[in-house]
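Trainee: Please see the structure below; I have some questions.
What follows is calculated from the coordinates using simple rules that are stated; it is not laboratory data. The model shown is predicted, which means the values in this text are computed figures rather than measured ones. Every residue, glycine among them, receives a Cβ derived from its backbone with ideal geometry; neighbour counts consider all protein chains shown.
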Amino acid sequence: MAKKTSALHEKDGVIKPNSTQKKSIDIIKKKRAKKNSVEEYVNHIIDGDITYLSKAITLIESTNPKHQKVANEIIDQCLPHASQSVRIGITGVPGVGKSTFIEAFGKHLTSQGKKIAVLAVDPSSTVNKGSILGDKTRMEQLVTDANAFIRPSPSGTTLGGVARKTRETIVLCEAAGFDTIIIETVGVGQSETMVHSLVDFFLLLKLSGAGDELQGIKRGIIEMADAIVINKADSGNEKNTKIARSEFTRALHLYPIKESEWQPKVLTASALHNKGIQEVHDMIQEYLHLTCENRYFEARRNEQNKFWLFNTIEEQLKSNFYHHPEIKKELQSELEKIENGETTPFNAAKRLLNL
């Protein structure tokens, strides 16, 4: 009697030759194991290699101690090659047209043979800690320009931290041959103060007809501005633009003369229609000529370096404190006491600091 066989059976699949599988695995392992040396990074960055510049910036932004060590070595070796660039900070409330303005301004600079790097500080979510990092998608023309480099970076949870990383990124961009560095911030408060300590010229973008004119009289961000540009001065908005320009000009004259001896100006522009961009560039050149002549440019750079010395010391002390084994242990105990109403936050802090 013939043996019955089931119709339900599985056919053997195609098996790749062992040699091919092994070769593929070996290639992947080698790629993972390969690490670029500091010298490789530095040489490629000095040659203007964008790929290595991006990789080095990623190391700067990493919280991994090993990555930070390599990043510090790269920065140290790039520092002597960092040329003097012009650092421009651009800020404004969401929707004011920062990305469109930066793209128009950037294209204007590259058309004159300049090499520009755009460092965009993107706010991180306080809920999931993520960032959109979508600035490249908003600057479609500039991102394809061979003389432009756009790098969005997440702000993370500490504005000081991202500003420090941005400052280190500036060194690498200068070493890579970029002569104009544009730093964009979202325009919501403390980040402007930090970025102001990084740049030579601070530009504030405003909108007309948005109920924003009164805000211009208030102290704060406008006090830091070296110029105000009223953006979106398109057809049909001339009246509001004229009123806003007059209001902001009057507001600026309420403040004492800056240490730089520069009187902040108010200009209008339409980045969408590429109007007023040349005037903004001319104004920045006028500012640079004045501050270089009266030595304020050099003095400000020195003051910024001192500021970042103290800022770095404070950050390191804070990091050392929270990573100390005894503090980690006692901190949890003090938190529990606070929850149970057994102590106050101030007394708990004093005990921890005394340790």
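Trainee: Could you name the aspartates and glutamates whose alpha carbon sits less than 15 Å from that of K114, not counting residues in the same chain fewer than 8 places away?
Mentor: Cross-link targets: E103, D145, E174, D179, D282.
Trainee: Let me ask something additional. Ranked from highest to lowest mean number of other Cβ atoms within 10 Å per residue, what is the order of the peptides 338-344, 90-96?
Mentor: Working: 338-344: 10.9, 90-96: 18.9.
Per-residue mean Cβ counts within 10 Å order the peptides as 90-96, 338-344.
Trainee: For Q263 and N64, FRET efficiency with R0 = 45 Å and r from the beta-carbon atoms, rounded to 0.05? Please report the intermediate quantities before stating the final value.
Mentor: Working: r = 47 Å, r/R0 = 1.04.
Efficiency for this residue pair is about 0.45.
Trainee: If I stretch the segment between N36 and H81 completely, what's the gain in nm (0.36 nm per residue apart, minus their alpha carbon distance), one decimal? Please list the in-between numbers first.
Mentor: Numbers: separation 45, 0.36 × 45 = 16.20 nm, distance 1.97 nm.
Length gained between N36 and H81: 14.2 nm.
Trainee: Continuing with this model, one more query. Where does each of L205, L335, L317 land when they are ranked from fewest to most other beta-carbon atoms within 10 angstrom? Write out the running numbers ahead of the final one.
Mentor: Numbers: L205 25, L335 13, L317 10.
Starting with the residue having the fewest Cβ neighbours, the order is L317, L335, L205.
Trainee: Between S333 and E303, with labels modelled 7 Å along Cα→Cβ, what's the label distance in nm to one decimal, could you check?
Mentor: Simple spin-label model gives 4.6 nm for this pair.
Trainee: Cα-Cα over 19 Å: which of K107/K275; K107/K258; K98/K206; K242/K275; K232/K265; K329/K350? Write out the running numbers ahead of the final one.
Mentor: On the way: K107/K275 13 Å; K107/K258 31 Å; K98/K206 10 Å; K242/K275 15 Å; K232/K265 17 Å; K329/K350 15 Å.
Correct reply: K107/K258.
Trainee: May I pose another question? Between V143 and R351, what is 0.36 nm times their sequence separation minus the Cα-Cα distance? Round to one decimal in nm.
Mentor: Numbers: separation 208, 0.36 × 208 = 74.88 nm, distance 5.26 nm.
69.6 nm is the gain from fully extending V143 to R351.
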